[in-house]
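What follows is a single structure, written as structure tokens, with notes after it.
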Amino acid sequence: MLQIDSPTINSCEFFHGPFEVLDAKKPVFLLLSAGRCRPADERALRFLRRHGGANVYVLDGMDLGLGELPQDVREYFNHILFSPILNNVYMRALSAATGKDYMTRRYMWKVEY
């Protein structure tokens, strides 16, 4: 909604080509999940730490309390935890930092889609 160039790529897709656009100047925000996909996320994190420069930001579900849940269910809570942080905290801070209003729409509620 912020109208910025920010593709979303999951860590399993990352090594199928999108990692080629990475350089030390490009900011990356990695959601490090809890559950079966964590090894893939950790692999992406190792690569980002080696080649991503200083603009790699990580939100780790284990640091946010998902590790307190039983291992067989914690992966189901990644989205429930990450979504409010991204949509209410990070988005607002990014909006303020870029000077772009996150409530401005080009298409939503304006054109039929």
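Every read-out reported here was derived from the displayed coordinates using simple, explicitly stated rules and does not represent laboratory data. All values reported here derive from a predicted model rather than from experimental measurement. Every residue, glycine as well, gets a Cβ built from its backbone with ideal geometry; the counts of neighbours run over all protein chains shown.
Just one of (1) 1.20; (2) 2.56; (3) 0.97 is Cα Rg over 2.2 N^0.38 Å as worked out from the coordinates here. Which one is it?
Calculated Cα Rg over 2.2 N^0.38 Å: the matching label is (1).
Treat every Asp and Glu Cβ in the chain as -1 and every Lys and Arg Cβ as +1, leave all other atoms uncharged, and give the resulting dipole magnitude about the Cα centre to the nearest 20 debye.
That gives a dipole near 320 debye.
Between V111 and R43, what is the label-to-label distance in nm when each label sits 7 Å out along the Cα-to-Cβ direction?
About 3.9 nm separates the two model spin labels.
Sorted from fewest to most neighbouring beta carbons within 10 Å, what does the list Y90, Y113, Y107, Y76 look like?
Starting with the residue having the fewest Cβ neighbours, the order is Y113, Y107, Y76, Y90.
May I ask you to derive the FRET efficiency for L2 and D72 from their Cβ-Cβ distance with R0 = 25 Å, giving the value to the nearest 0.05?
Once the sixth-power term is evaluated, E becomes 0.10.
Run through every distinct alpha carbon pair of segment 16-73 and return the Kirkwood hydrodynamic radius in angstroms, one decimal place.
It is 12.3 Å.
Please list, in chain and number order, the residues 5+ apart from V56 or on another chain whose amide H is under 5 Å from its amide H, with Hs placed from the backbone.
V28
Note the full-extension length gain between M91 and V21 as 0.36 nm times their separation in residues minus their Cα-Cα distance, in nm to one decimal.
This chain segment gains 22.9 nm when fully extended.
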